[in-house]
Amino acid sequence: MKDNRTNILFFAQQIHAPWIEWVKNNAMKICEWLNKKVQVQIISHTWPHNNKRHDLIHGVEVHYLLQLTNNFVLQLWYLCIWTIRSIRFICNERPQKIFIQYLDTSYLWAILLVRIFFPKTPIILTLYSTDELSIWYKKIFLRWVKFSQVIIISEYLRESIQSLGYKDQDIIHIPLSYDKARYLKKSDFHLRDTKKILFSAGIKKEAWSFFMVDLAKKMPEYTFIFTLRQFNTKSENELELLKKYIQDSGVSNIKILRNIENMEELLSGVWALVLPLQDIRIKMLTPVALLEAMSRRTLCFVADLPNLVQLVDNNQNAIIFDRYNTSDLEKKIEENIHREDIAQNAYHFAEKFPDFDDVVEKYFELI
């Protein structure tokens, strides 16, 4: 039976592993909730021979018309195939609106052809990081292939988008959210280990994982926990480099945990979270890990990145440190590690932060 509801199409990354989208940019959750009101379909990626492929996730149809590979030659070939597959699908389905969740390179040709052959079909882009604005060809693409509207997850991006010729009324701020039903809870301070600190960073050196090792060396009385929620085999080499640096540094107070499923319990057991982020391009503008930690009443130390400075209030609901200076962070941990008032304020901040209902409602208003 044909679904007569409004037909909406999402381009979303790697839906074959739904945890990526739930944690990373809410796309799967947004699609799931919107699908209750309109017909939502997703075009996504899959890896060759991937066994985690599901054609129906939480009631939403997923079409794996895109493919990922580490082989550059195959990547170029796939790019041609992706575009043909995607355009054929769009021709058949004729969606009323298209949402692009993150400006992935694999989407560009398909977006361009939609603009040429279906100029009246609105295309709405959601930007998640400055990475999408720092790559030269994406910047040119944004300037010359105008999107109907651009959703930003942080006001930090507004001026950059305006500089590409977009009007202020076409730039919409819709923040990320986190799973409040799962995480929002006043964890008991007395049940926490005051000598355990959770470290949230990417595994690569450029993502500031080595910073953790340098800090741990200065603070041997603390245990630093480095978590990998879901581990990608592509990161094995980076993990070996990190382990070697830990060994060469003579550090023994770091624990690396992989494939974490009960992050909320872990956040309730540690005393603090450190969010270092050397470069704003390494992570998204609103780290979900920070919101999750604040919602468990966990004391948070965050780097002095402009997007994070806009997000939190220093010495009120989080403590900001110099991201290039381990001594500054060491000092601030020692001075503030028992500041339960800051952790309590963090909880209230997370409690009032927009939830999925608010986020989805703002998306629905655009349909």
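For the chain, the relative contact order works out to 14 percent when only alpha carbon pairs closer than 8 Å and six or more residues apart are counted. With each label modelled as a point 7 angstrom along the Cα→C-beta vector, the Asn259-Arg182 pair spans 1.7 nm. Mean projected area of the Cα convex hull of the chain, taken over all directions, amounts to 18.7 nm². With springs connecting C-alpha atoms under 10 Å apart, model the chain as a Gaussian network and identify which of Leu241, Leu65, Leu74 has the largest mean-square fluctuation. Among Leu241, Leu65, Leu74, the largest mean-square fluctuation in the Gaussian network model of the chain belongs to Leu74. Between Leu291, Leu108, Leu176, the GNM of the chain built on Cα springs shorter than 10 angstrom shows Leu108 fluctuating the most.
With a/c under 1.5 counting as rounded, go ahead and sort segment 180-352 into rounded, prolate or oblate using the C-alpha gyration tensor (a ≥ b ≥ c being the square roots of the eigenvalues; past the cut-off, prolate if a/b is larger than b/c, else oblate). Because its axes are fairly even, with a/c under 1.5, segment 180-352 counts as rounded.
In which sequence would His45, His190, His58 go, from the one with the fewest C-beta neighbours within 10 Å to the one with the most?
Values: His45 22, His190 5, His58 13.
Ranking His45, His190, His58 by Cβ neighbours within 10 Å, fewest first, gives His190, His58, His45.
If the limit is 30 Å between Cα atoms, which of Lys186/Lys332; Lys29/Lys331; Lys185/Lys244; Lys138/Lys196; Lys196/Lys244; Lys29/Lys204 go over it? Write out the running numbers ahead of the final one.
Numbers: Lys186/Lys332 24 Å; Lys29/Lys331 39 Å; Lys185/Lys244 37 Å; Lys138/Lys196 41 Å; Lys196/Lys244 22 Å; Lys29/Lys204 28 Å.
The answer is Lys29/Lys331; Lys185/Lys244; Lys138/Lys196.
Sum -39500 (n - 2.57) across every DSSP H segment of at least 4 residues in the chain, then divide by the residue count to get the 222 nm mean residue ellipticity, nearest 500. Don't skip to the answer; put the middle values down first.
Working: 16 runs with 147 residues, N = 367.
That calculation yields -11500 deg cm²/dmol at 222 nm.
For segment 180-352, what is the relative contact order in percent, using Cα pairs closer than 8 Å and at least 6 residues apart in sequence?
Numbers: 305 pairs, mean separation 45.3, N = 173.
It rounds to 26 percent for segment 180-352.
The mean sequence separation of alpha-carbon pairs under 8 Å and at least six residues apart, normalised by the residue count of segment 115-230, gives a relative contact order of 18 percent.
Compared with the dominant principal axis of the Cα atoms in the chain, helix 72-93 is inclined by about 60°. Fully extending the segment from His63 to Phe118 would add 17.8 nm, taking 0.36 nm per residue of separation and subtracting the current Cα-Cα distance.
All of the numbers you see were taken from the coordinates with simple rules; none came from a lab. Computed from a prediction, not measured in an experiment: that's the story for all the values here. Neighbour counts are summed over all protein chains in view; Cβ atoms, including those assigned to glycine, are modelled from backbone coordinates with ideal geometry.
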